[in-house]
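*Asks:* Have a look at this one before I ask anything.
The values are calculated or read from the model by the stated rules, or taken from the named source; none is laboratory data. Just so it is clear, the structure is predicted and the values come from calculations on it, not from any experiment. Cβ placement follows ideal geometry from the backbone for every residue including glycine, while neighbour counts extend to all protein chains displayed.
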Amino acid sequence: MANNVSDLALDGNTAVRLLQDLFVADITLAQIRCEACNAVQGVGSLATYGTPMGAVLRCSCCANILIRAAQTPRGLWLEMTGARCLKFQSLHASFKLGASGLKIC
């Protein structure tokens, strides 16, 4: 264990491999927890509303907006403030993305 927090500080590129593994996973199988009602459900089962620019995914239990995804001329955007965490199943480990950051379970 590091004695000093600054010993744990790394360049952002260090997480690239982990994030690449996360975002190539089958997202429809990922489990998402709603910030509003605490329900856990599969991303593939969320109520989805789409436009040519992107999509809004809502909690099936309380209709809270969990994910906003958009494609613009300036890039791809993903906003998840309505989700507490997004959990992917992996052969190696389970990962959670939440408000407190990335956790390996």
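*Asks:* Suppose we filter Arg17, Arg74 for residues that are basic (Lys, Arg) and modelled with pLDDT of 90 or more; which single one remains? Walk me through it before giving the result.
*Replies:* Numbers: Arg17 fails: modelled with pLDDT of 90 or more.
Unique residue meeting the criteria: Arg74.
*Asks:* Could you say whether any residue in the stretch 84-98 is farther than 21 Å from Leu29 by Cβ and either touching a strand residue (DSSP E or B) at 6+ places or on another chain (Cβ under 8 Å) or modelled with pLDDT under 95 (or both)? Lay out the reasoning, then the answer.
*Replies:* Let us first name the residues in the stretch 84-98 that are farther than 21 Å from Leu29 by Cβ, namely none.
Checked against the condition, which is being farther than 21 Å from Leu29 by Cβ and either touching a strand residue (DSSP E or B) at 6+ places or on another chain (Cβ under 8 Å) or modelled with pLDDT under 95 (or both), the stretch 84-98 yields no hits at all.
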